[in-house]
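The values are calculated or read from the model by the stated rules, or taken from the named source; none is laboratory data. Being a predicted model, the structure only gives us computed values, none of them experimental. Glycine gets a Cβ as well: all are built from the backbone with ideal geometry, and neighbour counts include every protein chain shown.
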Amino acid sequence: MNGLARVSCFFLFSIVVFGIAFCPVSAQTRSALNGHRLIYPPSSVPVPGRLHTNYFFVDSNQPSPQPFQGAETPGSLACVYQLVTGPAGCPIATSTNVPTGGIGAIAIVDAGYDPTAQSDLDAFDAEFGIPATTITQVWPGKKAPPQYGSEGWPIEESLDIEWAHAMAPQAKLFLVVSKLCNTGECATDPTWEAITLAGQLVAENGGGVVSMSFGDYGEEKRELKFDKYFTEPGVVYFAASGDDGLGVSFYPTASPNVVSVGGTYFNRDQNGNFINEVYGGGGGDLSPYEPRPSYQNGIAQIVGNYRGFPDVASDFCCTSIVLAGQWYEVGGTSWATPTFAGIVNTAGSQQQSSFDELTMMYNEYANPTEYADDFNDITQGDSECVVGWNYCAGIGSAKTYAGK
C-alpha cells in the first residue's frame, strides 16, 4: 500500500483547550505526490477522538497575491470531466469554460465563523468567470461560533465554499458553522445540530446536497446510531474519504447514508495537456461496523458483508483558493468532496436521499455500457486499483453529468 503515514496520539500527552482534549499536533510534511510536498496543517493531522479536516498545502503554506501557476481551475477540471466544452487536452491555461448550472441548494458544514466568506468567494468567482452569488452563513442557536485558527477551518471553509459554488453556481449556497465539539454524542467538530440544520435548509430550498469534508480517525460501533443524521428527505449527503491512503476507516464517510468521495490526481504533459487520471492517495477501506447496503450488493464479492468506500472520486491535487484576500495552493479530499457534490447538484437528478443517489450510481456501474459512458474507471496509482469498483476510487470519477 502507498497510503500516507499514520499518526497516533497517547492521551497521556493530550492537552485541553476550551474543555476539549486535543493531542499536541503541528503542521507535518507527510508525503510527496509527483514532486509536490504535501504539508498537512494541525487541523488535518488525524488524531483519535477528534474530527479533522482533509486538506493539505502544496509545497508551501505561504499565501500568494494571485492563483498558483499550474494549479487546476474550475475550467480545467470541468473540461477533463466533460462537464463543459473545452480545448483538446484541457490545458489549464486555456480551459476557461465553467459550469453554469445548479438547482436547489448546497449546504457546507464546517466549524467556526468565517468573517471573509463572501469577499473571498467574490474574488474567486471574479478570477475564474463564475457567476456571483450571495452566501448565507448560519449556525445552530443564537450565538455565532468563534473563528478557529488561521490555517485550520478557515482554509477548509474557503475550499468547500468556492469549489461547491464553482461546480453549481446557480444553487443557493449556505455555510453552516458550529462550535468545536468532541465529547459525548456530539462527537464531531461540526455538531450534529449543524448537520441537522444543513439538511433542513437544503430541503426547504428545493432540495440538493450537503457537503462534509471532515472525518474521524477510525470508527466506533456507536456510529450506527449517528447514521440517522444523514437522512433528511430531498437531500444527498457527501463526505470526504480522508487523505491517509488505503486501509484506514473514517466516519462519517463510512456511513451508508452518505456518498463517500475519494481522491485522484491528473497527470499532465510538459505543455499542460491532460494525460490520464490516477489514484492520488484518498482514503479507502471496509467498515468494521456498517453492514453492506443493498446498493453494494453487486460488489459483495469484494466487500463481503460490510460497507466499502469510497463510492466515487475526484481530483484532489492541486488547486488555488482564496482566504482573506490571499491565494493558497491546496488539495485533499476536502477539495474532491464539494466538487463532486456540486457536480451532482448541477446534474439535476434531484434524488430524494443519498441511498437513492447511490443506488442510481451503482446501477450505472452494473451496466457496462452506461458505466463506460458516465464514469472514469481509475485503474492506476496503486496495486489495489483494479478494473471496476476498488478501494482507490470506488466506481470512479465523473464523466459528464449523466448517471449523477
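I need a count of the residues in the range 253-264 that are in a strand (DSSP E or B) and either touching a helix residue (DSSP H, G or I) at 6+ places or on another chain (Cβ under 7 Å) or without any contact (Cβ under 8 Å) to a residue 60 or more places away in the chain (or both).
Adding up the residues that qualify gives 4.
Give the range 346-384 a look and list any residue that's closer than 29 Å to residue 205 by Cβ, surrounded by 19 or more Cβ atoms within 10 Å (Cβ to Cβ) and in contact with a Lys or Arg (Cβ under 7 Å, 6 or more places away or on another chain), or say none.
Of everything in the range 346-384, those that are closer than 29 Å to residue 205 by Cβ, surrounded by 19 or more Cβ atoms within 10 Å (Cβ to Cβ) and in contact with a Lys or Arg (Cβ under 7 Å, 6 or more places away or on another chain) turn out to be 347, 374, 375.
Looking at the range 233-248, which of its residues are crowded, with 24+ Cβ neighbours inside 10 Å and either part of a loop (DSSP other than H, G, I, E, B) or aromatic (Phe, Trp, Tyr) (or both)?
237, 238, 241, 242, 243, 244, 245
Check off (1) at pLDDT below 95; (2) hydroxyl-bearing (Ser, Thr, Tyr); (3) within 14 Å of the chain's Cα centre (by Cα) for residue 249 and give me the number that stays unchecked.
(3)
Give me the helices (runs of 4 or more DSSP H) completely within the range 297-404, filtered to those with at least 1 residues that are more than 18 Å from the chain's Cα centre (by Cα), ordered by residue number.
300-303, 354-366, 368-374
Residue 267 versus (1) part of a strand (DSSP E or B); (2) in contact with a helix residue (DSSP H, G or I) (Cβ under 7 Å, 6 or more places away or on another chain): which is the lone unmet condition?
Residue 267 satisfies every listed condition except (2).
How many residues are over 20 Å from residue 376 (Cα atoms) and among the small types (Gly, Ala, Ser) when one looks only at the range 59-94?
Final tally of qualifying residues: 5.
I want to confirm something. Restricting to the range 300-345 and keeping residues that are polar (S, T, N, Q) and closer than 20 Å to residue 122 by Cα, which single residue is surrounded by the fewest Cβ atoms within 10 Å (Cβ to Cβ)?
Restricting to residues being polar (S, T, N, Q) and closer than 20 Å to residue 122 by Cα, the top hit is 326.
Quick test for you: out of 76, 95, pick the one residue that is over 20 Å from residue 154 (Cβ atoms), part of a loop (DSSP other than H, G, I, E, B) and of a type outside the set (Asp, Glu).
Criteria check complete, one pass: 95.
Within the range 79-90, is there a residue that is part of a helix (DSSP H, G or I) and buried (at least 17 other Cβ atoms within 10 Å of the Cβ)? Even if it seems obvious, please write down each step before you answer.
Quick first cut of the range 79-90, residues part of a helix (DSSP H, G or I) only: 79-80.
Now narrow it down to the ones that are buried (at least 17 other Cβ atoms within 10 Å of the Cβ): 79-80.
Looking through the range 79-90, at least one residue is part of a helix (DSSP H, G or I) and buried (at least 17 other Cβ atoms within 10 Å of the Cβ).
Please pick out the residue among 172, 179, 142 that is closer than 22 Å to residue 215 by Cβ and out of contact with any Leu (no Cβ under 7 Å at 6 or more places or on another chain). Steps first, answer last, please.
Values: 172 fails: closer than 22 Å to residue 215 by Cβ; 142 fails: closer than 22 Å to residue 215 by Cβ.
Being closer than 22 Å to residue 215 by Cβ and out of contact with any Leu (no Cβ under 7 Å at 6 or more places or on another chain) holds for just one of 172, 179, 142, which is 179.
Among the residues of the range 31-47, how many are crowded, with 18+ Cβ neighbours inside 10 Å and outside any strand (DSSP E or B)?
Number of matching residues: 6.
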